Amino acid sequence: MGKGKGSLSFTRQDLRKSTKFVEGDYSGINPRQFYRKLKRSIEEIQEESDFKYTTHGSQDTDLDIQSEDVGSKTGTVEGRLQAESDWAKIGESEIEYRPYGPHGALGIVVGGLLFLLGLAGAIEIAILGMLVLGGGAYAYWQTEVGTYPVMREDVIRVLLTGEVSERTVDNDGASRTDMFANMSVIFSGDAFVAVGTSEMDRHDWPMRLELLSQVAEWRNRCVNNSSNEVEVPGGFMYMLKGWTKRDSSEIKREVQRIQQPLLDADFDLRERYADILREQLHGALETELDQHEADLRSELESLAQDLNIYVEREGMTHTDNVERTRADAAGELDPENL
């Protein structure tokens, strides 16, 4: 379910629409140093004794520091970072389907043909046809409840914006220039869900037919442009043609073809698709997902707090060094004034 990555381009308002978000202000830290620490902190988050996230973003393409026209020692900073977890199964959701739909459809066709043949004079064949037709109709309308796997992916996005300034410190006759930033940072988290396809072969084939039909319907409900809609297979002829779609790998490819563009789309479309899938979740799974979103917010809060501690420590150390250097310079005697 992976997707390619380009330059990150989300805005503050985009992040405020996320499932969860946390904001923080950080002062007196080198923005490049902060970005490296941010990336490393996200990559160190663990889940079930394994590193959870893969980050996307680099200082070269996603951290922009620009000087203002008023002077070369002031400027602005804007940076973005995104991290994604692997898709993981969170449970099973339910779907109603016709376990004997294809069998019933075939019975209706065969029974109808036998009945028509019997009308030519063979009353026994006509009666047999009526029985087969009735049995096929009964089987066609029988329903059961099946389950399918639901997958989850967590995404963290971070946007930092602020002002930067440069300071030059003389130490042992050498000048060193360092950069400081006052930044506002917003951390957002989203939990996306999708239909799992890796276990497609464990479903009976009428169940696979219904799942394909439902995924197509869910896609059409969340897209805005009719050109992005797909045909929703269903009805009597779909059940009858189902005899030619008994291969699980074929249905798996069809489900992936319909669903994958939604998982690769922009966040608004991904969220609409996730919301539709959430409507299908039963009580226990819905509760579990709600708890997971609460855990995701805790991750964001811990991340913001860890960075706050880091900035306070590093900022104080840097300030002490600057003040100590200035104090040492002030205490030196000018030989010309001796």
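The values are calculated or read from the model by the stated rules, or taken from the named source; none is laboratory data. Being a predicted model, the structure only gives us computed values, none of them experimental. Methodologically, a virtual Cβ is constructed for each residue, glycine included, from the backbone with ideal geometry; neighbour enumeration extends over all protein chains shown.
If you check Ser188 against the conditions, is it crowded, with 18+ Cβ neighbours inside 10 Å and either assigned by TED's automatic domain parsing to the domain that holds Thr55 or part of a strand (DSSP E or B) (or both)?
Working: crowded, with 18+ Cβ neighbours inside 10 Å: yes; either assigned by TED's automatic domain parsing to the domain that holds Thr55 or part of a strand (DSSP E or B) (or both): yes.
Considered against the rule, which asks whether it is crowded, with 18+ Cβ neighbours inside 10 Å and either assigned by TED's automatic domain parsing to the domain that holds Thr55 or part of a strand (DSSP E or B) (or both), Ser188 comes out as yes.
Restricting attention to region 30-66, which residues are free of Cβ contacts under 8 Å to residues at least 24 places away in the same chain and touching a strand residue (DSSP E or B) at 6+ places or on another chain (Cβ under 8 Å)?
Here is the first cut: in region 30-66, the ones free of Cβ contacts under 8 Å to residues at least 24 places away in the same chain are 36, 40, 44, 46, 48-51, 58, 60, 64, 66.
Across region 30-66, the qualifying residues are Glu44, Asp64, Gln66.
Which condition does Gly111 not pass, out of (1) assigned to a helix (DSSP H, G or I); (2) in contact with a Gly (Cβ under 8 Å, 6 or more places away or on another chain); (3) loosely packed, with under 14 Cβ neighbours inside 10 Å; (4) in contact (Cβ under 8 Å) with a residue 24 or more places away in the chain, if it passes all the others?
So Gly111 meets the others, but not (3).
Evaluate region 79-101: report whether one residue or more is touching a residue at least 60 places away in the same chain (Cβ under 8 Å), closer than 20 Å to Asn182 by Cβ and out of contact with any Gly (no Cβ under 7 Å at 6 or more places or on another chain).
Yes: region 79-101 contains one or more residues that are touching a residue at least 60 places away in the same chain (Cβ under 8 Å), closer than 20 Å to Asn182 by Cβ and out of contact with any Gly (no Cβ under 7 Å at 6 or more places or on another chain).
Being surrounded by 20 or more Cβ atoms within 10 Å (Cβ to Cβ), in a strand (DSSP E or B) and of a type in the set (Asp, Glu) narrows it down to one residue among Asp64, Asp154; which is it? Reasoning before the result, please.
Values: Asp64 fails: surrounded by 20 or more Cβ atoms within 10 Å (Cβ to Cβ).
Criteria check complete, one pass: Asp154.
Could you please find all residues in region 278-309 being closer than 28 Å to Trp218 by Cα and touching a residue at least 40 places away in the same chain (Cβ under 8 Å)?
Start the filter on region 278-309 by keeping residues that are closer than 28 Å to Trp218 by Cα, which leaves 278-297.
Matches in region 278-309: Arg278, Gln280, Leu281, His282, Ala284, Leu285, Glu288, Leu289, His292, Glu293, Leu296, Arg297.
For Arg257, work out the one condition from (1) over 30 Å from Val22 (Cα atoms); (2) part of a helix (DSSP H, G or I); (3) in contact (Cβ under 8 Å) with a residue 40 or more places away in the chain it doesn't fulfil.
The number of the failed condition is (3).
May I ask you to verify whether Ile127 is surrounded by 19 or more Cβ atoms within 10 Å (Cβ to Cβ) and of a type in the set (A, V, I, L, M)? Walk me through it before giving the result.
Numbers: surrounded by 19 or more Cβ atoms within 10 Å (Cβ to Cβ): no; of a type in the set (A, V, I, L, M): yes.
For Ile127, the condition - surrounded by 19 or more Cβ atoms within 10 Å (Cβ to Cβ) and of a type in the set (A, V, I, L, M) - is not met.
Inside region 205-228, can you point out the residues that are assigned to a loop (DSSP other than H, G, I, E, B) and either surrounded by fewer than 14 Cβ atoms within 10 Å (Cβ to Cβ) or hydroxyl-bearing (Ser, Thr, Tyr) (or both)?
Going residue by residue through region 205-228, those that are assigned to a loop (DSSP other than H, G, I, E, B) are 223-225.
Listed by number, the residues that qualify are Asn224, Asn225.
Whether any residue in region 316-332 is farther than 20 Å from Gly28 by Cα, of a type in the set (Asp, Glu), part of a helix (DSSP H, G or I) and modelled with pLDDT under 50 is what I want to check.
Restricting attention to region 316-332, the residues satisfying the condition of being farther than 20 Å from Gly28 by Cα are 328-332.
With the extra rule that they be of a type in the set (Asp, Glu), the set shrinks to 328, 332.
Right, trim to part of a helix (DSSP H, G or I) and you get 328.
Those left that are additionally modelled with pLDDT under 50: 328.
Yes, because at least one residue in region 316-332 is farther than 20 Å from Gly28 by Cα, of a type in the set (Asp, Glu), part of a helix (DSSP H, G or I) and modelled with pLDDT under 50.
Has region 296-305 got at least one residue that is in contact with a Cys (Cβ under 8 Å, 6 or more places away or on another chain) and either among the hydroxyl-bearing types (Ser, Thr, Tyr) or under 30 Å from Arg40 (Cβ atoms) (or both)?
At the first step, the residues of region 296-305 found to be in contact with a Cys (Cβ under 8 Å, 6 or more places away or on another chain) are none.
Within region 296-305, not a single residue is in contact with a Cys (Cβ under 8 Å, 6 or more places away or on another chain) and either among the hydroxyl-bearing types (Ser, Thr, Tyr) or under 30 Å from Arg40 (Cβ atoms) (or both).
Residue by residue through region 260-275, note down the ones that are among the aliphatic types (A, V, I, L, M) and touching a residue at least 40 places away in the same chain (Cβ under 8 Å). Before you say what the answer is, go through the steps one by one.
Narrowing region 260-275 to residues among the aliphatic types (A, V, I, L, M): 262-263, 265, 269, 274.
Leu262, Leu263, Leu269, Ala274 - these are the residues of region 260-275 that are among the aliphatic types (A, V, I, L, M) and touching a residue at least 40 places away in the same chain (Cβ under 8 Å).
Taking the conditions exactly as written (of a type outside the set (Phe, Trp, Tyr) and more than 36 Å from the chain's Cα centre (by Cα)), does Val109 satisfy them or not? Break it down into steps so the answer makes sense when it comes.
Numbers: of a type outside the set (Phe, Trp, Tyr): yes; more than 36 Å from the chain's Cα centre (by Cα): yes.
Yes, satisfied.
Please verify whether region 24-37 includes one or more residues that are over 22 Å from Gly75 (Cα atoms), surrounded by fewer than 19 Cβ atoms within 10 Å (Cβ to Cβ) and at pLDDT 90 or above. Full working, then the answer.
Kept after step one, since they are over 22 Å from Gly75 (Cα atoms), are these residues of region 24-37: none.
There is no residue in region 24-37 that is over 22 Å from Gly75 (Cα atoms), surrounded by fewer than 19 Cβ atoms within 10 Å (Cβ to Cβ) and at pLDDT 90 or above.
Just a yes or no: is a residue in region 38-57 surrounded by 14 or more Cβ atoms within 10 Å (Cβ to Cβ), assigned to a strand (DSSP E or B) and more than 29 Å from the chain's Cα centre (by Cα)?
no
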